[in-house]
1. What is the gain in length, in nm to one decimal, between B:Leu74 and B:Lys42 on full extension, counting 0.36 nm per residue of separation less the C-alpha to C-alpha distance?
2. Output ³J(HN,Hα) for segment A:83-91: one whole-Hz value per residue in order, computed from phi by the Karplus curve 6.51 cos²θ - 1.76 cosθ + 1.60 with θ = phi - 60°, and x for Gly and Pro.
3. Just to be sure I understand the model, the point goes 7 Å from the Cα along the line to the Cβ. What's the resulting B:Glu5 to A:Ser66 distance in nm?
4. Quick one: if you stick a label point 7 Å off each Cα along the C-beta vector at B:Phe60 and A:Lys78, how many nm between them?
5. When B:Tyr86, A:Tyr96 are ordered from fewest to most other Cβ atoms inside 10 Å of their Cβ, what list results?
6. ³J(HN,Hα) across segment A:30-39 via Karplus (A = 6.51, B = -1.76, C = 1.60, θ = phi - 60°), whole Hz, x for Gly/Pro?
7. Among A:Asp86, B:Asp39, which comes first, second and so on when ranked by fewest other beta-carbon atoms within 10 Å?
8. Gaussian network model of chain B, Cα springs within a sub-10 Å range: biggest mean-square fluctuation belongs to which of B:Ala89, B:Ala29, B:Ala62?
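What follows draws every value from the coordinates through simple rules; no lab data is involved. Since the structure is predicted, the reported quantities are computational estimates derived from the model, not experimental observations. In this analysis, Cβ positions are derived from the backbone assuming ideal geometry, glycine residues included, and neighbour counts consider all displayed protein chains.
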Amino acid sequence: DAGVIQSPRHEVTEMGQEVTLRCKPISGHDYLFWYRQTMMRGLELLIYFNNNVPIDDSGMPEDRFSAKMPNASFSTLKIQPSEPRDSAVYFCASSYGNQPQHFGDGTRLSIL
Amino acid sequence: RKEVEQDPGPFNVPEGATVAFNCTYSNSASQSFFWYRQDCRKEPKLLMSVYSSGNEDGRFTAQLNRASQYISLLIRDSKLSDSATYLCAVRGSGGSNYKLTFGKGTLLTVNP
């Protein structure tokens, strides 16, 4: 079975550049979550969607971050402009209803 | 008080030892509880859900104490392969009942 698929696996870019992270949830899952993980803050929920609709974006750090889910099989998290403090591992997870969440492999982002 | 707090760790134990982790949560209305395991540079993976009556899965036992608002994970007869970071996760209630809040994790190293 295909799990949650994220791309790219690694991204290194200079500050000020736009970064787009992509996620394909598990087929049939109706919830999609974006997390950020750092040593200092741990794993933090940024935003989540239900049936492609954003439900709670209270974890999004600031206006430089945006997320979309144009259809049930695709979501993006965009950072524009990027800053060094955005360096982290970004995970996407999906679930069916209130069943446990399944995580993708993550995108390791480094902003120079 | 943080929403979810875990033992700071790290834990270093010999093979065969029994080790226990605790995790406290601040929201008394929290509905569901989980333990995730995260290997180095990998995604979190669900280890087990935590049920009100406590539950066991092989060498792993999870307990919930609602009165004191904590969950615990006990690992018996630890193996080298148990070395990982263990994250507790708590799901809210009402409008937040699809959000998971994670602890920062406890690093376990099992030594030969």
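1. My answer for the length gained is 9.3 nm.
2. Working through the residues one at a time gives 10, x, 6, 7, 4, 4, 9, 9, 10 Hz.
3. For the pair B:Glu5/A:Ser66, the computed spacing is 3.9 nm.
4. In this crude label model, B:Phe60 to A:Lys78 measures out at 3.9 nm.
5. Sorted ascending by nearby Cβ count, the order is A:Tyr96, B:Tyr86.
6. Whole-Hz 3J(HN,Hα) from phi for segment A:30-39: 10, 10, 9, 10, 10, 10, 10, 10, 10, 4.
7. B:Asp39, A:Asp86
8. B:Ala29
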